1. If I model a spin label at A:Glu618 and A:Lys14 as a point 7 Å from the Cα along the Cα→Cβ vector, what separation in nanometres do I get?
2. Can you give the FRET efficiency to the nearest 0.05 for A:Ala21 and A:Asp558, using r as the Cβ-Cβ distance and R₀ = 60 Å?
3. To the nearest 10 degrees, how steeply does helix A:730-739 sit against the main Cα axis of chain A, on a 0 to 90 scale?
4. For the range A:417-519, what does the relative contact order come out to in percent, with C-alpha contacts under 8 Å and a separation of six or more?
5. With the convex hull built on the Cα atoms of the range A:434-573, state its orientation-averaged projected area in nm².
6. Explain nothing, just the number: relative contact order of chain A, from Cα pairs under 8 Å at least 6 residues apart, as a whole percent.
7. Would you mind computing Rg(Cα) / (2.2 N^0.38 Å) for chain A, counting N as its residues?
8. Per DSSP H run of n ≥ 4, the term is -39500 (n - 2.57); total these for chain A, divide by its residue number, and report the mean residue ellipticity at 222 nm rounded to 500 deg cm²/dmol.
Amino acid sequence: MAESVYDHDQIELKWQQRWAANPALYKADAASDASAAPKYYVVEMFPYPSGRLHMGHVRNYSIGDALARYMWMRGYNVLHPIGWDAFGLPAENAAIKRNMHPQDWTRSNIQEMKKQMLRMGFAYDWATEIATCEPDYYRWNQWLFLKMFERGLAYRKKAMVNWCPECATVLANEQVIDGCCWRHETTPVEQRALEQWFFRITEYADELLKDTYDKLEGGWPERVLSMQRNWIGRSEGSEIDFAIEGSSEKIRVFTTRVDTIYGATCVILAPEHPIAQALLDDAGKAKAKHLIDARKQQGPGELIKDGAPTGHYAINPYSGERVPIWIGNFVLMDYGTGAIMAVPAHDERDFDFCTTFGIPIRSVIRPVDGALDENPKAAFCDYGITEKSGEFSGLPSADARRKMNEFAEAKGFGKAAITFRIKDWGVSRQRYWGTPIPMIHCPKCGLVPVPEKDLPVTLPYNVKFTGRGRSPLAEVPEFMNVKCPTCGADSQRESDTMDTFVDSSWYFYRYCDPRNTSAPFDSAAVAKWFPIDQYIGGVTHAILHLIYSRFFTKVMRDLGLITNSEPAQNLFTQGMVLGSDGSAMSKSKGNVVDPEEMVGKYGADTCRLFVLFANAPEKDMPWIESSVGGPRRFLERVWRFVTRNAERTADAEWVAAEGSSDADRRALRKLHQTISKVTEDFDNRWHFNTSIAALMELMNRLYEDEASLSRAALDQILPNVTLLLAPFAPFIADELWEQLGRTGPAFRQPWPQWDAELAKEDLLEIPVQVNGKLRAKIIVPIGTPQAELEKLAQADAKIQPLLEGKTIAKLIVVPDKLVNIVVR
RNA sequence: GCCCGGGUGGCGAAAUCGGCAGACGCAACGGACUUAAAAUCCGUUUUUCCGUAAGGAGAGUGUGGGUUCAAGUCCCACCCCGGGCACCA
């Protein structure tokens, strides 16, 4: 075979067809006897089927694919599935804006994206493909919902939603832009209270937090863990009851600084607090409503503190003091108890609020080594020593907190308490394109779950999408009208659908048993594959998806469905792909690059190599298309080298060089060093940019000595180069493999082994420093002993003059590394 | 404000455990090949100064200090950029 031209289209289309003809190619081995290969379960976060693959996907899936192929070559039994996160708002927006049915739109997008993925050559087992919008998947969302309802983990309560008065509809958070509706940019969004469904994730808050330390540390990126810990936001403090003067009701406040309670000069309620609503007159209620709506419209960080007195008073249970009760916009209803005691002397926010409204400031904590500041200009928030605190005076903050908690408990007006920042997960969406919540509202029996045998509750197809009014499902009588399963009375279905994060919270379990019609999955099938060995996705999901799926795992464990407590042993978060302007690629910025264009021009192999070569995968990747020539030229060089050397025998020049063992030695040494380098990159840190750089170095070396390489050396070099390339550029690898006369897919060959002896350099260049400055280099055999290095370094022609007339104070010799002579 | 990342040539980046800073690639320039161009192959490319040259001397990883024989790497303080959270009591 002679050198030929690298024609990516011809090669890649040929292999795409061959692979498609063999669907078992990327199938995991179902056999589970002890002698079988060890399992490896690698999952990349499944995409939302927008219709087009974007560069972020290409990056994510190229990383995962390289890993999957490598693990196959290392002899593992690899499960590498893919699916579609197919429910969601964009489908509905498309319906409103372009009059396309969400289901048709979604299904055709899936077909389109699947085509693109096949073109990229990703090694997925398509037999496991799932789409969350199909009833055979979402029925198990409903089934899990019912199980959670049975256990009290799914419940209903009133909650605020964004409401656009113009559309007369509920808006998702992402449809609210600067406090206004996405379709009416001058209409402020209002807050309305609706009965909605929640998952009791707070029940698992402690375990979710604890396992970030006990189970995930080491396997998950530290920054993801720290984001989750902040999100869970565990906080130790006290709950204290303030009696309301002239009422039997009490206001319960949460504070982390009960030691400052003698400095409390008012109690502040969230405007929506039920007690506030009871205490306020009509004018006060109007003010409260104003505070609530205004808060939503203000961007984060710019809320100006506002509030009003209720005209009522509360009694400090420690001091017996009478303090005014206020409402304040900075007090959050859904954190703690929705009420605080304001201690302006020792809390910045309270200081701010109280100075605005002329509420007194009283210091009760002094610095450990200072005096009490009676007229503070700012809040003193550090721990210190209590003063003016009755019987608790003179104690360090920590002791005061403990004693005061004990006191409150003994007297029955309070206790030590732990509060979490994380809230129960609101799963109701007033939307069409999601999983119907399997509940029935019966006028007689109340809330009745849909019996399991009636699942799935399927989405009706004929629905009008006006973008107005309540949930679209509520307008479909055939869907809504149903007999109560308990008493048979005319009833209404729940018209809300589930948050799409429900779909993605357990999809990787379904992959293990994707066509099961009698359960979400077979427990034994899951036990075989879980936990996921490697989960890969964007850091954008660091909190929501990754905490919800951890929650689901714990719930499913407690339901007896699975035995693992965490879904993924290892998590890898890749960086974003940035546009040429350095900001995230987005349609609105117009800096999006379509992978398909690039694949057309350069081929999928080049495209994959390009995204992996640009930089380390966990870092954000700036998009500089002009550098794509590098990876492309590299593949061309590999192609030419392998094709023209595959059968080279009768070349006179070459025959003459047959004895040239130096070239062989150098080439083989580089080959084995490269195998070692690429293997280490896979095993330790996935810096594929350096793996590919190493392959490029190898090619450069091979070109240099090409004419002198022996047949024997080439017979070792050519197949190994091909195999080293296989995880990154599967098309060219399979083609070259075939051209080398081999059979079977390249990614199923054993991964090349390196020979440490062959990889070893025999001569080393050792830098010689004088006083830390590089002055000379000596060439020595590897392993030259310390004494010998000392002698050689001092004898060097460049070093000697520098030593003349000086005394050697110190001689540092690191064998095979460097010599440093310290002179005086 | 708090919590994470990060700052290295004209550009993307390497430097994995404190040991030769700039591997690999892009762009640029030069050479070979060619009637010519493209492609390809080979070479140069951090920077300043001295030298006709071979070569030599110095500086250099955001800034300022420190530890060390030796610092991009460790410590302290600060500046800038990106991301997350943001009145969480």
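1. Between A:Glu618 and A:Lys14, the simple spin-label model gives 4.0 nm.
2. On the way: r = 45 Å, r/R0 = 0.75.
Rounded to the nearest 0.05, the efficiency is 0.85.
3. Approximately 20 degrees, to the nearest 10.
4. Values: 137 pairs, mean separation 37.4, N = 103.
Normalised by residue count, the contact order of the range A:417-519 is 36 percent.
5. Numbers: hull surface 42.3 nm².
Average projection, Cα convex hull of the range A:434-573: 10.6 nm².
6. Working: 1490 pairs, mean separation 116.0, N = 824.
Computed value for chain A: 14 percent relative contact order.
7. Numbers: Rg = 34.1 Å, N = 824, 2.2 N^0.38 = 28.2 Å.
The value comes to 1.21.
8. Working: 27 runs with 300 residues, N = 824.
Only helices count here, giving -11000 deg cm²/dmol.
Every number in this text was worked out from the coordinates using simple rules, so none of it is lab data. As the structure is a prediction and not an experimental result, all values here were calculated from the model. Heads up, the Cβs are rebuilt from the backbone with ideal geometry, glycines too, and the neighbour counts pull from every protein chain shown.
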